[in-house]
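Enquirer: Next up is a structure, given as structure tokens.
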Amino acid sequence: MKRIFILEDSKIDAHRLSDMLVQNGYEVVGMAENGAEAIEKVLALKPDLMFADIILEDRKMDGIATACEIRNA
């Protein structure tokens, strides 16, 4: 079973995506609402895949910058 992490600043959208993934046989191992939180959790949980919102309300780090930080860690 693929382990998936979700980076999404909208709790409603994050839970909708999570529900859809679980219904289709995936395991959602964690969620975060901002880039800093996502980096910490992804490095600890080591999911197979991360869904990342490109534009985050936090504005300090978007989904692409977060993915780059995780990749370079």
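Bear in mind that the values in this text are calculations on the coordinates, not laboratory data. Keep in mind it's a predicted model, so treat the numbers as computed, not measured. Note that we place each Cβ from the backbone using ideal geometry, even for glycine, and neighbour counts take in every protein chain shown.
Enquirer: If you scan region 1-10, which residues turn out to be crowded, with 19+ Cβ neighbours inside 10 Å and either touching a Leu at 6+ places or on another chain (Cβ under 6 Å) or not in a loop (DSSP other than H, G, I, E, B) (or both)?
Expert: Within region 1-10, I4, F5, I6, L7 qualify.
Enquirer: Run I55 past the list (1) part of a helix (DSSP H, G or I); (2) without any contact (Cβ under 8 Å) to a residue 24 or more places away in the chain; (3) in contact with a Gly (Cβ under 9 Å, 6 or more places away or on another chain) and report the number of the one that doesn't hold.
Expert: Status for I55: all satisfied but (1).
Enquirer: Filter region 40-66 down to residues that are surrounded by 14 or more Cβ atoms within 10 Å (Cβ to Cβ), within 9 Å of the chain's Cα centre (by Cα) and not charged (D, E, K, R) and give me whichever is farthest from F5 (Cα to Cα).
Expert: Residue satisfying both the conditions and the ranking: G63.
Enquirer: Turning to a different aspect of this structure: Would you mention how many residues in region 22-52 are aromatic (F, W, Y), farther than 15 Å from I70 by Cβ and part of a strand (DSSP E or B)?
Expert: Selection size over region 22-52: 0.
Enquirer: Does region 11-21 include one or more residues that are touching a residue at least 24 places away in the same chain (Cβ under 8 Å) and either in contact with a helix residue (DSSP H, G or I) (Cβ under 6 Å, 6 or more places away or on another chain) or in a loop (DSSP other than H, G, I, E, B) (or both)?
Expert: no
Enquirer: Being under 19 Å from K46 (Cβ atoms) and either loosely packed, with under 12 Cβ neighbours inside 10 Å or in contact with a helix residue (DSSP H, G or I) (Cβ under 7 Å, 6 or more places away or on another chain) (or both) is the filter here, so list the residues in region 22-31 that pass it.
Expert: V28, V29, G30, M31, listed by residue number.
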